[in-house]
Every structure is written in structure tokens, then in C-alpha cells.
Amino acid sequence: MVKSFSLPVGIKEYTTKDVKKIDFISSVILEESELWGFEKIITPIFENINSLNVGLKEETINKTIKFIDPLNGDVLGLRSDVTPQIARYVSSNYKNEKIPLRLTYNERVVRNNYKETGTKREIFQVGCELIGSNSIESDLEIILLGTSILKKLGFTNQVVTLNSSILLNFIFDSLDPIKEDIKLLFHKKDYKSIKKFGLDNRLNSLQKAFIKEYLIPLMQNKSILSKSLPAKIRENIVRINSIAEILSRANSSLDLRVDFLDVKNFDYYSGMTFDIAVKEISEIVLSGGRYDELIGRYGNSFPAVGLGINILPLIKTIKSDELGAPIVVVESAEIESFISSLEVKEFFTSQGFISVMSSRKNKYDDKFDLRIKISKSGRLDLYDNKNLKIASFKTFSELQKEDF
């Protein structure tokens, strides 16, 4: 009886077709990032738990999978996000790097929140971080890089939504007695239920007035640029509106929106946040924002802005049959032809083809671009992907003279 082995909840295996898609998408993102001046970095798959949890709230810390290091008894954690690792790296190594620093990464992260979301716990994440500049130009660069990456992947119809994490945190702090009650409603955008809290007895008169003066107008998409708001909040609103105006001029094809009540899931955002949606996929595939305070929590402070892309939703739109190099199947009729088969295989491999030696049926028999049959005498017969003979060569030397 064959034993059956199950995988942990929320973890799955990926087929060769899935991996081909994942590798293709990753390569497009990394190549585009490199063209924008971003350099790749590799972060540890696990670290001391105290390092991973810097600047995070308790509810987020609980999403980190923890285990004990058998070498010394330290509590370790699997990375659930790469940005804190980038922050630690920059704080420790900034003297060896040139600021502003542009970093990109391609990592897998694991999040212990399957019960909440019912989604996969393991995420293939590619991201870009621009560190050392707090200018509006750096915000624009990251957002436009994100739109450029998705365009390279074939997503031309994009919706860019700008938000303010600092404004939303200000709202939650101003309504502290009901903060936990309304957070989920904000995620669901259930504004009708939020309005009802204006009569909640846990709120004092100032808090009820805050809902009426600020929160309800925001839910109605009205302007709230009031002098009574803290200066930092007002500046952030002005900055986001400026970013929206410049983006609309820089790329008129973007569907650009400003939503000050959109909630982001990470604790470290400190200003402008954004996400980019595409019509082909129901969930957000790219998001990011400014985290000017995070790196300083590791020692040396630098402003920063970045983006992250979840690859898995993107693979649904990619056809694996359209990816990869052309496939050449080299068949030998007899074992005596093996050396000739090897020469032909190495020749086509050097030309950038996927070359497979075959003397029996294999998975490429039904899917190839060119089939080469080598006879015992050394003659080479070439067939197209419909098994129609297209050429014949008496020797391998004759074949080498052809242009492939």
C-alpha cells in the first residue's frame, strides 16, 4: 500500500508548468527593475524573532511562524514580509552602499494567517525599495515603476489608487474607544455601518463631532483639508493630491483614483500608500507605500518607499505553452548514433534551444518545435511541429552550416 503524505495547511506543491510561469514573471519584474537602476538583494529565510518583529503590532507579530533554534535555544521566525529585512540590512550596511539606494528582491514569505483569509500561507513576492529619499519624485518613481512592470507583463488597463496610511491611523487614534470595531468595517468599505457609530455612547462629544466633520465627508469623497487637522496630516493630503495630478499628466492612460479610507495591512507605512489593480485579476496584485520611520527602528534612520508584487495571482493569466525557448527533440535510431545525437544536442543548446535527446516516448513528443531523427548511417532528417519532413542532411557538418 502506497503511503499518502499531506502538506501543511495553506502550503502546496507547484507543477513544472506553474514554475515556468513563476520564473517568467519574476524575470520580467527583475529585468524591468534593473533597467530602472534597482539591484538585487537576497535576505535570510529566517531570523531572530526580535529582528523580524521590529515596529510591528502584536496582531501582526502573531502571524509570524516561530520555532526554536536547536543550536542555542533562540526563538526564530520565518519571514512573513521582506521590507523589515531590507530595513535592517540598510541600517547596518548603509556605509557600504550609495544612498539613495535602489534594491529589488525575489523571495518567498510565509504568513500564519490562513484562518483569517483562507488563502495560501506561502507567497512568492517580488519587490523594489527606494531608500534615502523622501522627495515626491521618489514616490512617483516607485509608482511608475509598478505601472511599467505590469505593462511589460501585458496588463495595459490599470487602476492606480492612492491612499494615506497616516490619515487613517489618525482617524483610528481619534476614535480609540471604537477603533477595533471599525477596522474590519473599513476593510470591507462598509461605510453605512461606520456612520452608525456617530451615536455610540462610548464616544464623547468631540469624537462624535469628528465623525461628522471629517469621517462622513471622506466617505462621501469630499475634501477635508481643514486647518484644525495636524500639520503632518494636511501636508500628506496635499502631497497625495500632487502625486495624483502629476501621474495623470505623466500617463493619461492610467485610471487614477484617490481613496483616503483604504486600509493597508502592514503596520510600518507612514505616509502615502498605493495599489494597482488590473481587470484580468480580481485581487490586488501590486501595492506599496512610504515607510520613513521603519529603518530608524533598527538604528540608523533613512526615508524609504517601496512596492511588492504577489506573483501567484498573476500566473493564472499566463499560458505556459507560450513561454520558454524553442524545443528540439533529437532522436537516434541506434545506440551507435548516440555520439552524433550528443553533438546535435550541444549545437542547438548553444543556439539557445531547449534540446532533448530521446530514443523513447517522452513528454516532448507531443510538443516540440523541431524534431531531428538520426539514422544509423548518420543522416539527419528534420521535421516540423506537425511531423512534416522539412529538410535532410547527409552529415552533421552540413546541418551546422544552416542558420537557426
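With respect to ASN106, is the statement that it is in a strand (DSSP E or B), in contact with a helix residue (DSSP H, G or I) (Cβ under 9 Å, 6 or more places away or on another chain) and over 25 Å from ARG257 (Cα atoms) true?
Yes; evaluated as a whole, the condition is true for this residue.
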Please state which one of ASN134, ASN106, ASN93 is closer than 30 Å to ASN221 by Cα, in the same structural domain as SER242 (by TED's automatic domain parsing) and modelled with pLDDT of 90 or more. ASN134
Of the conditions (1) within 28 Å of SER253 (Cα to Cα); (2) out of contact with any Lys or Arg (no Cβ under 8 Å at 6 or more places or on another chain), ARG202 satisfies every one except a single condition; which number is it? (1)
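Take region 166-179 and flag every residue that is touching a helix residue (DSSP H, G or I) at 6+ places or on another chain (Cβ under 9 Å) and either on the phi > 0 side of the Ramachandran plot or assigned to a helix (DSSP H, G or I) (or both). Show your work before the answer.
Narrowing region 166-179 to residues touching a helix residue (DSSP H, G or I) at 6+ places or on another chain (Cβ under 9 Å): 166-168, 170-179.
Matches in region 166-179: ILE166, LEU167, LEU168, PHE170, ILE171, PHE172, ASP173, SER174, ASP176, PRO177, ILE178, LYS179.
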Qualifying positions in region 158-178 - of a type outside the set (Val, Ile, Thr), out of contact with any strand residue (DSSP E or B) (no Cβ under 6 Å at 6 or more places or on another chain) and surrounded by 13 or more Cβ atoms within 10 Å (Cβ to Cβ): SER164, LEU167, LEU168, ASN169, PHE170, PHE172, SER174, LEU175, PRO177
Neighbours by Cβ (under 7 Å, 6+ apart or cross-chain): first from region 36-63, closer than 12 Å to PRO84 by Cβ and at pLDDT below 85; second in a loop (DSSP other than H, G, I, E, B) and not aromatic (Phe, Trp, Tyr): ASN53/THR64; GLY55/ASP267; GLY55/LEU294; LEU56/ASP267; THR60/ASP267; ILE61/ASN53
Do we have any residue at all in region 2-19 that's outside the structural domain of PHE155 (by TED's automatic domain parsing), more than 30 Å from GLY154 (Cβ to Cβ) and touching a residue at least 24 places away in the same chain (Cβ under 8 Å)? yes
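Would it be correct to say that LEU145 is farther than 24 Å from LYS21 by Cα and either in contact with a Phe, Trp or Tyr (Cβ under 8 Å, 6 or more places away or on another chain) or among the charged types (D, E, K, R) (or both)?
The answer is no for LEU145.
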Just wondering, is there one or more residues in region 237-251 that are over 26 Å from LEU150 (Cα atoms), not in a strand (DSSP E or B) and not charged (D, E, K, R)? yes
Count of residues meeting criterion [among the β-branched types (Val, Ile, Thr) and closer than 23 Å to SER301 by Cα] in region 25-70: 7
Residue in region 256-293 that is surrounded by the fewest Cβ atoms within 10 Å (Cβ to Cβ), counting only those that are out of contact with any strand residue (DSSP E or B) (no Cβ under 7 Å at 6 or more places or on another chain) and under 19 Å from SER138 (Cβ atoms): GLU293
Do we have SER4 as of a type in the set (Ser, Thr, Tyr) and over 21 Å from VAL110 (Cα atoms) here? yes
Any idea which residue in region 259-277 is farthest from PHE155 (Cα to Cα), counting only those that are assigned to a loop (DSSP other than H, G, I, E, B) and among the small types (Gly, Ala, Ser)? SER270
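The values are calculated or read from the model by the stated rules, or taken from the named source; none is laboratory data. Computed from a predicted structure; not experimentally measured. No Cβ is skipped: glycine too gets one built from the backbone with ideal geometry, and neighbour counts run over all protein chains shown.
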